[in-house]
1. At 7 Å along the Cα-to-beta-carbon direction for both residue 195 and residue 213, put a label point, then send me their distance in nm to one decimal.
2. Are there trypsin sites (Lys or Arg not before Pro) in segment 135-177 that DSSP puts in a loop and that have at most 14 other Cβ atoms within 10 Å, and which ones?
3. Which loop GluC sites (Glu not before Pro) in segment 98-193, with loop taken from DSSP, have no more than 16 other Cβ atoms within 10 angstrom of their Cβ?
4. With the crude spin-label approximation of a point 7 Å out along Cα→Cβ, what separation in nm comes out for residue 5 versus residue 223?
5. Determine, from the Cβ-Cβ distance of residue 41 and residue 106 and an R0 of 30 Å, the FRET efficiency 1/(1 + (r/R0)^6), rounded to the nearest 0.05.
6. Which of the pairs 12/110; 60/110; 65/110; 9/149; 120/149; 9/171 have their Cα atoms more than 21 Å apart in this structure?
7. What fraction of the Cα pairs in segment 15-95, stated in percent, has a spacing above 21 angstrom?
8. With charges set only on the Cβ (+1 for Lys and Arg, -1 for Asp and Glu), what does the dipole of segment 213-258 come to about its Cα centre, in debye to the nearest 20?
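The values are calculated or read from the model by the stated rules, or taken from the named source; none is laboratory data. Quick caveat, the model's predicted, so the values are computed rather than measured. For neighbour counting, all protein chains shown are included, and Cβ atoms are generated from backbone atoms with ideal geometry for every residue, glycine included. Remember, those area values only see protein heavy atoms, side chains included, never the ligands or the DNA or RNA. Shrake-Rupley method; radii C 1.70, N 1.55, O 1.52, S 1.80 Å.
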Amino acid sequence: MNQNSLQKKLSKLNIGNLRYFDSIGSTNDEALAWAATGARDLSIVIADEQTQGRGRLDRKWFTPKGSGLAFSLILRPHANLRPHLSRTVGLAALSIAESCSGLGLAPRIKWPNDILLNGKKTAGILIETVWSGDDVDSLVIGMGINVHKASVPPAEVLQFPATSLEDALGKEAPAREDVLFSVLDAFIHWRERMATDALIHAWEEIIAFRGEQVQVQAGGEENITGELLGLESDGSLRLRDAHDKSVIIRFGDVSLRPSA
Ligand code: ADP
């Protein structure tokens, strides 16, 4: 993987500019700085190795050299998409999921930001915002995808089991460039449909634990337990609690687990 091979691979897609790094702290940090200095829509920062990759809060995302995909996509939302920005995480998750489906796998989206294969985490998403006063100037969508076995961190550093495309396929995974191409292709397709019900339906269709009892930990608040019913039109999660009451979980620092 290098600047030229990536540019060639992605030339058929209508992306912005691309910056490749052999090694980087965090692709999101580089993309945030680039976005703030005027990067074009759909510009990409990608690295072979990420040494300070971030999850939400202070959590870390591991991308050892040569093993996975770590990239950040810069979005400059058009005015017509601004009312739908809360759907961005679904757009990103759906794109990764479709790329997995294209390989014959059966992905599920652990709301809000993880993609599971066989119940194990294969990819994560971290969205950060560049503000211009009270308006969103741009969004940076970081995606980490475990492609080869070596991208899966040791179990002792994980709070949730992890896997890779290679593990899930049970055979050699496709080249990382090919996985990147299919994720971006799906992303561009779904972004054009971001304002439609079809996006919410496609996203909801593959939500993990649907119809099952889950436990949601939101910020410092008490855990909420209930049956996972589906999504609201803004992408929020809908549960039914023990008193048969509908509970809407909005985004934020939310961790979802199957309930014991
Ligand atoms: P959560 O699991 O609560 O949704 P995040 O989405 O913020 O957490 O992701 C960060 C967490 O993901 C880390 O705390 C770590 O346990 C786990 N993790 C880090 N790197 C990887 C990886 N390459 N594959 C799978 N899980 C990872």
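1. 4.3
2. Working: sites: 149, 171, 176; in loops: 171.
Passing sites in segment 135-177 are 171.
3. When the GluC sites (Glu not before Pro) of segment 98-193 are filtered for loop state and at most 16 Cβ neighbours within 10 Å, 172, 192 remain.
4. Going from the residue 5 label point to the residue 223 one covers 4.5 nm.
5. Working: r = 32 Å, r/R0 = 1.07.
With R0 = 30 Å, the Cβ-Cβ based efficiency is 0.40.
6. 12/110; 65/110; 9/149; 9/171
7. Of all Cα-Cα distances in segment 15-95, 33 percent exceed 21 Å.
8. That gives a dipole near 100 debye.
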